[in-house]
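Chemist: Below: one structure in structure tokens.
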Amino acid sequence: MPVERVKTLIVGGGQAGLAMSHMLTQRSCSHLVLERNRIAERWRTERWDGLRFQFPNWSVRLPDFPFPHSDPDGFATSREIVDFITAYAVFIAAPIRCGVSVIALRIRNGGSGFVAQTSDGPIEADNVVVATGPYQRPFIPPLLRDDAGIFQVHASRYINPDRLASGAVLVVGSGASGAQIAEELFRAGRRVYLSVGRHTRLPRRYRGRDLIWWLSAMGLDQTPAEKHGPDRSKPLITGAFGGNTIDFRRFAAEGVTLLGRVQAADQGVVMLAPDLAKRLAYGDGSYAAFLDMVDAHIERNGLEMPEDTAARAVLPDPSCLVEPLRHLDLRASGISTVVWATGYECDFGWIDVPVLNAAGEPVHSQGITEVPGMYFLGLRWLANFKSSLLSGVGKDAARLADHIAMRIR
Ligand SMILES: Cc1cc2nc3c(=O)[nH]c(=O)nc-3n(C[C@H](O)[C@H](O)[C@H](O)COP(=O)(O)OP(=O)(O)OC[C@H]3O[C@@H](n4cnc5c(N)ncnc54)[C@H](O)[C@@H]3O)c2cc1C
């Protein structure tokens, strides 16, 4: 059988793979997109029902394709994002094949170009863009044994409160996923324990504008990767329930028991670090620093914005902070479920091209690797703050498309 040949192969049919396709089409560069499931699969099956897009509707767009909405300040559902990305694929007439998985990728014999082993046979390509997502393989720390008699689920497989057995829930992880799932559970009447880690807390709105507006006005959303400090934690924000500021002190006031980091577990008893106060202080510090930055920006630029003193109010220390738990007996506390909101690992084991470091992470400069023709797109901090975000991926895709077009010509 003759081997299929393409100029550029894009692996992944999410927002990044499709933005890449559009940018190559605009430069008359032929290509093929392979998606192992369906377009925008992760927005279909790896997001919970109550999740809302974390950016207001007015700010959501893919290249040449703004998000259609009737409420600029609203926050889209995952279903609306799936429909948007699917409509984008039609709008750009993406040459995409769904249900085809790339199983292995190696350099073509002779040393230039690549061979992708797919579930549909081999494909040769001069260029490959890997757009398989910033969040690939759910990570659960191996702390609680399966036989502890407690149902355990990663945030990517959590669906809604009604799908969990009755009883209290321990949510481990206080990033955007953990905080949002904890809030949804306690609003649904569940008893919730939340293990809080290091986090960067930001206001949803301040002085009359949404966070995203301020990030853009101050140019912070363009922060390049090289100017970013060592703290890579993602901003803790939510679009759920109309979009509000996440404040763990408010959670506690509403009945959530805050805990330190989970360190170990033995026979259904979880050991907790004595670090809750430190974690909350760090989150509160990042929040206050952001308000200061906005105030300074307003003053410097002589802007007329309403005051917002309420945003600086700090709720009193909750009892779970004053006397933090060091152990939690899951069964004795009535906990039937543990939700692990503990993040993701990368999964590039199928790439047999020398572009990965010892930890299996891609080595690149703004998505361009040292192996000619091999690119990555959509990774966190690929080039800047917005690289892995829906409304930010287009700029990186354009840069890679320019590089590919130059290479071809
Ligand atoms: C819970 C959660 C909430 C988020 N909320 C927001 C938000 O509100 N706003 C925002 O801008 N960003 C958000 N993000 C971040 C980011 O926008 C999403 O992760 C988004 O899905 C990334 O799009 P992508 O196209 O880069 O990757 P993905 O959506 O992960 O798409 C990659 C595609 O590649 C396919 N694939 C993987 N491996 C292969 C292979 N070997 N062969 C063929 N196909 C393959 C997958 O099936 C998948 O469809 C969120 C992320 C998470 C986890």
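The values are calculated or read from the model by the stated rules, or taken from the named source; none is laboratory data. This one's a predicted model, so the numbers in the text were calculated from it and none came from an experiment. As a convention, Cβ positions derive from the backbone with ideal geometry for all residues, glycine included, and neighbour counts pool all protein chains shown. The protein model used for the area step is the full one, side chains on, heavy atoms only, and it has no ligands, DNA or RNA in it. Shrake-Rupley method; radii C 1.70, N 1.55, O 1.52, S 1.80 Å.
Chemist: Rank 322, 392, 185 by how far each Cα sits towards the positive end of the charge dipole of the chain (+1 on Lys, Arg Cβ; -1 on Asp, Glu Cβ) and give me just the farthest.
Modeler: 392
Chemist: Give me P(r) over the chain, computed from all C-alpha to C-alpha distances, binned every 10 Å, as integer percentages.
Modeler: Going out from 0 Å in 10 Å bins, the chain shows 4, 21, 28, 25, 16, 6, 1, 0 percent.
Chemist: For residue 227, go through the lysines and keep the ones whose alpha-carbon is under 17 Å away, minus same-chain ones fewer than eight residues off.
Modeler: Here the lysines satisfying the reach criterion relative to residue 227 are 386.
Chemist: In addition: Using a Cα-Cα cut-off of under 25 Å, which lysines could be cross-linked to residue 278, ignoring same-chain neighbours fewer than 8 residues away?
Modeler: Within the straight-line limit of under 25 Å, residue 278 reaches these lysines: 234.
Chemist: Ordered by residue, what ³J(HN,Hα) values in Hz, to whole numbers, does the stretch 218-228 give under the Karplus form 6.51 cos²θ - 1.76 cosθ + 1.60, where θ = phi - 60° and Gly and Pro are x?
Modeler: Each residue's phi maps through the Karplus curve to give 8, x, 5, 6, 9, 3, x, 3, 6, 8, 8 Hz.
Chemist: Right, something else. At 1.4 Å probe size, with the rest of the protein present, what percent of the exposed accessible area of the stretch 6-97 is carbon and sulfur atoms?
Modeler: On the way: 1930 of 3720 Å².
Roughly 52 percent, rounded to a whole number.
Chemist: Quick one: in the stretch 273-321, what % of C-alpha pairs are over 17 Å apart? Walk me through the intermediate numbers first.
Modeler: Details: 557 of 1176 pairs.
Percent of Cα pairs beyond 17 Å in the stretch 273-321: 47.
Chemist: I would also like to ask the following. If you build a Gaussian network model of the chain, linking Cα atoms that sit under 10 Å apart, which residue out of 65, 248, 53 swings the most?
Modeler: Fluctuation is largest for 65.
Chemist: Excluding residue 247 itself, calculate the net charge of residues whose Cβ lies under 14 Å from the Cβ of residue 247, where each Lys or Arg counts +1 and each Asp or Glu counts -1.
Modeler: Values: positive: 201, 204, 205, 249, 250, 279, 312; negative: 183, 254, 284, 317.
Residues near residue 247 contribute +3 overall.
Chemist: Near residue 131, within a Cβ-to-Cβ distance under 11 Å, what is the net charge of the other residues, with Lys and Arg +1 and Asp and Glu -1? Present the calculation step by step, with values, prior to reporting the outcome.
Modeler: Values: positive: none; negative: 35, 396.
Here the charged neighbours net out to -2.
Chemist: Carbon and sulfur: what percent of the stretch 243-343's accessible surface (1.4 Å probe)?
Modeler: Answer for the stretch 243-343: carbon and sulfur cover 54 percent of the accessible area.
Chemist: Still on this structure, please answer the following. Roll a 1.4 Å probe over the protein chains and send me the accessible area per residue for the chain in Å². Let's see the in-between values first.
Modeler: Details: 18630 Å² over 409 residues.
Heavy-atom SASA per residue in the chain reads 46 Å².
Chemist: Another one. Helix-only mean residue ellipticity at 222 nm, the chain, DSSP H runs n ≥ 4 weighted -39,500 (n - 2.57), per residue, nearest 500. What is it? Before the final figure, lay out the partial values.
Modeler: Values: 9 runs with 102 residues, N = 409.
Value at 222 nm, helices only, nearest 500: -7500 deg cm²/dmol.
Chemist: Something else: Relative contact order of the chain: what whole-number percent is it, with Cα pairs under 8 angstrom and at least 6 residues apart?
Modeler: Dividing the mean separation by the residue count of the chain yields 23 percent.
Chemist: Looking at 367, 332, 53, which one has the Cα that reaches farthest to the positive end of the dipole of the chain (charges on Cβ: Lys, Arg +1; Asp, Glu -1)?
Modeler: Checking the options against the dipole of the chain, the answer is 367.
Chemist: Can you give me the Cα centroid spacing of the stretch 24-48 and the stretch 290-331 in angstrom?
Modeler: Using only Cα atoms to place each centre, the spacing works out to 39 Å.
Chemist: Along the stretch 168-178, what does the Karplus equation 6.51 cos²θ - 1.76 cosθ + 1.60 (θ = phi - 60°) give for ³J(HN,Hα), rounded to whole Hz, x for Gly and Pro?
Modeler: Those phi angles translate into 6, 10, 9, 9, 9, x, 10, x, 4, 5, x Hz.
Chemist: In the stretch 173-263, what trypsin sites (Lys or Arg not before Pro) fall in a loop by DSSP, with at most 12 other Cβ atoms inside 10 Å? Each step should come with its number before you reach the end.
Modeler: On the way: sites: 187, 190, 191, 198, 201, 204, 205, 207, 209, 227, 232, 249, 250, 261; in loops: 190, 191, 198, 204, 207, 232, 261.
Filter output for the stretch 173-263: 232.
Chemist: With a/c under 1.5 counting as rounded, go ahead and sort the stretch 18-85 into rounded, prolate or oblate using the C-alpha gyration tensor (a ≥ b ≥ c being the square roots of the eigenvalues; past the cut-off, prolate if a/b is larger than b/c, else oblate). Before the final figure, lay out each step's value.
Modeler: Numbers: a/c = 3.65, a/b = 1.43, b/c = 2.54.
Because a/c hits 1.5 or more and a/b fails to exceed b/c, the stretch 18-85 counts as oblate.
Chemist: Any idea which of 349, 203, 141 is furthest toward the positive side of the dipole for the chain, if Lys and Arg beta-carbons carry +1 and Asp and Glu beta-carbons -1?
Modeler: In the chain, that residue is 349.
Chemist: Charges at C-beta only: +1 for Lys and Arg, -1 for Asp and Glu. How large is the resulting dipole of the stretch 1-154 about its Cα centre, in Debye rounded to 20? Write down the numbers at each step before the final one.
Modeler: Numbers: 16 positive and 15 negative charges, 78 e Å.
With only Lys, Arg, Asp and Glu charged at Cβ, the dipole is about 380 debye.
Chemist: What is the Cα centroid distance between the stretch 350-387 and the stretch 51-105, reported in whole angstrom?
Modeler: First find each Cα centre; the distance between them is then 23 Å.
Chemist: Report the full-extension gain for the segment residue 25 to residue 264: residue separation times 0.36 nm, less the Cα-Cα distance, to one decimal in nm. It would help to have the intermediate numbers written out before the result.
Modeler: On the way: separation 239, 0.36 × 239 = 86.04 nm, distance 5.13 nm.
Net length gain for the segment: 80.9 nm.
Chemist: What is the stretch 131-172 by shape, rounded, prolate or oblate, if you read a ≥ b ≥ c off the alpha carbon gyration tensor as root eigenvalues and call it rounded for a/c under 1.5, prolate for a/b larger than b/c, and oblate otherwise?
Modeler: The shape class here is oblate.
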